[in-house]
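The values are calculated or read from the model by the stated rules, or taken from the named source; none is laboratory data. Just so it is clear, the model here is predicted, and its values are computed rather than measured. Please note: Cβ atoms are built from the backbone with ideal geometry, for glycine as well, and neighbour counts cover all protein chains shown. Only protein heavy atoms, including side chains, enter the accessible area calculation; ligands, DNA and RNA are left aside. Shrake-Rupley method; radii C 1.70, N 1.55, O 1.52, S 1.80 Å.
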Amino acid sequence: MQNLIAIVLAAGRGTRMLSARPKVLHKLLDEPLLSYPLRALAELGIKQQLVVVSGDQDGDLVAGSMAAFPGLEWPRQIQARGTADAVAAALKNLDGVSGSALILCGDVPLLSSTTLELFYQKHCQSRSQMTILTAVLDDAGSYGRIVLDDDGLPEEIVEAKDASPEQLLINRINSGTYLVDLDLLRRALADTDCDNAQGEYYLTDMVAFARRQGAPTAIFDISDSRETLGINTREDLVDLEKIMAAGICRNWLLNGVTIRFPETVRIGPCVTLGHDSEIEPGVSISGQTEIGVGCLVGSGTQIKNSKISDQVEIKPYSILEDVVVEEESQIGPFARLRPGTEIGAGAKIGNFVETKKARFGKGAKASHLAYIGDAEVGEHSNLGAGTITCNYDGFNKFKTEIGRRVFVGSDSQLVAPVKLGDDVLVGAGSTVTRDVSDNALVTTRTRQKEFAGRGMAWRRLSLEDK
Ligand code: UD1
Ligand code: MG
């Protein structure tokens, strides 16, 4: 793909979304819409890639949200005056550059790099100066229609809003993806006007221009027309998300992962799953998440940007984000592992346990009802039900360090900063405010008092009061 540059159009107002957020930042399987075409381009390895964004804060927001794609250029379109005007904004960065441009729409997320590669081959073989990626749909909806001549070559693209009733019957549509010679593109853009139903500068007018100039044009019909689906409304967004999620689940089912009731499961495009892992209904796994071999992810669990090693069991309704879980650990049900949590091998985090920036050593346990934040928990330590690390004094956060083989009795508070040595035993109901040395037993609760025979007397007194 030498002498090929890529231009992605992402400066449109996205009016039909009725949203304050730029359209290309709306999420599909938890990834911004724009990241999909950018990933396909990254796979193709095209050196110079330009993404046209708007000249206002929305443009800053879009460019700033794509840190995962370094090395891109971000030309600005000052006013959203149409797709031709957006490409013209990109061409300002390309003075003196020759070769071809691959033009994509930022709102068409299913196009794969494999399809783009075939499209490029067809463009080269046909010696065309402008090739349009097209699809044949049962319902051509609001897409631009491709008008062919008697030889089956494209003569023009007519937008649905400008089409005659006969043209609306055409079911071959424009995907908004083109390969075009840069010199021809420059000349075509200089020739466009906004004399159409939407009062916009249409990029699609370049096809009729090419024909008038006698430049060879071609089409490439995609084999799976779903790849050309674009997102213009929220209904499009959720319909496409469903198609995408089903495709990803099918792929994992073919690659050794059991997904039960897959229509209820959402797995992101950057997630990897090890074989013999099992995913129960209602699970969502997103971001850069890796799940190892032989894991179980229970119903209703959500996992984002996390690394889960082999043979880990995550019981239902747990939430994990930015965490690392080593092999053979057990998490949940109803556990919440917040960013910065690291769970060592064979550890156990049980129901209603919340962790944040906490590192649990091998075999450590917090089996029920606990908050462990800004903490280190040594190997094989066991935190009883109701253990709380008091890490915040209202102004600053402090750390709790717990040694190895420590046992913390139920309902204890560890007031940070505080350190417990190895083999410490904390009696139930203690509030530990000072460091504890190795092998000590510590209790802080008040001694129990017993008043013999006073039970009934107290009850009588209370009844008399009423
Ligand atoms: C466009 C095509 C249509 C095609 C469809 C495929 C035109 C005139 N029409 O229509 O033939 O079937 O895509 O999905 O090109 N954009 C800008 N600046 C603008 C306007 C748009 O950057 O001033 C960007 C948008 O952010 C979007 C893309 O261009 O990513 C397409 O714009 P959109 O308004 O969605 O065009 P469609 O109506 O979908
Ligand atoms: Mg569109």
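Remarks
- Residues considered: Ala20, Ala40, Ala6. Of these, the only one that is farther than 22 Å from Gly268 by Cβ and open to solvent by less than 20 Å² (accessible area, probe 1.4 Å) is Ala6.
- Strands (runs of 3 or more DSSP E) wholly inside region 277-374 that include at least 1 residues being aromatic (Phe, Trp, Tyr) and at positive phi: 348-360
- Which listed residue is more than 9 Å from ligand 1 (Cβ to nearest atom), assigned by TED's automatic domain parsing to the domain that holds Ser128, within 20 Å of the chain's Cα centre (by Cα) and closer than 26 Å to Asp224 by Cβ, from Val51, Val24: Val51
- With respect to the stated conditions, Leu102 is in contact (Cβ under 8 Å) with a residue 40 or more places away in the chain and more than 27 Å from Ile267 (Cα to Cα).
- Scanning region 142-158 turns up at least one residue that is touching a residue at least 60 places away in the same chain (Cβ under 8 Å), open to solvent by less than 10 Å² (accessible area, probe 1.4 Å) and either part of a loop (DSSP other than H, G, I, E, B) or out of contact with any helix residue (DSSP H, G or I) (no Cβ under 7 Å at 6 or more places or on another chain) (or both).
- Checking each residue of region 302-318 against the condition of being surrounded by fewer than 22 Cβ atoms within 10 Å (Cβ to Cβ) and touching a Lys or Arg at 6+ places or on another chain (Cβ under 6 Å) gives no match.
- Extreme residue, surrounded by the most Cβ atoms within 10 Å (Cβ to Cβ), among residues of region 110-141 that are without any contact (Cβ under 8 Å) to a residue 40 or more places away in the chain and away from ligand 1 (no atom under 11 Å from the Cβ): Cys124
- Checked against (1) small (Gly, Ala, Ser); (2) within 8 Å of ligand 1 (Cβ to nearest atom); (3) outside any loop (DSSP other than H, G, I, E, B), Ala63 passes all but condition (2).
- Candidate set: region 189-200, residues that are of a type outside the set (Ser, Thr, Tyr) and open to solvent by less than 60 Å² (accessible area, probe 1.4 Å); chosen: the one nearest to Ile132 (Cα to Cα): Leu189
- Residues located in region 201-238, provided they are of a type outside the set (A, V, I, L, M, F, W, C), more than 10 Å from ligand 1 (Cβ to nearest atom), in a helix (DSSP H, G or I) and open to solvent by less than 40 Å² (accessible area, probe 1.4 Å): Ser225, Glu227
- Residue match in region 111-131 (condition: in a loop (DSSP other than H, G, I, E, B) and under 32 Å from the mean Cα position of the chain (by Cα)): yes
- Leading residue by the ranking (surrounded by the fewest Cβ atoms within 10 Å (Cβ to Cβ)) among those in region 97-109 that are within 16 Å of ligand 2 (Cβ to nearest atom) and assigned to a strand (DSSP E or B): Cys105
- Note on region 151-166: residues that are within 22 Å of Leu179 (Cα to Cα) and more than 14 Å from ligand 1 (Cβ to nearest atom) total 4.
- Note on region 274-288: residues that are surrounded by 22 or more Cβ atoms within 10 Å (Cβ to Cβ) and not small (Gly, Ala, Ser) amount to 3.
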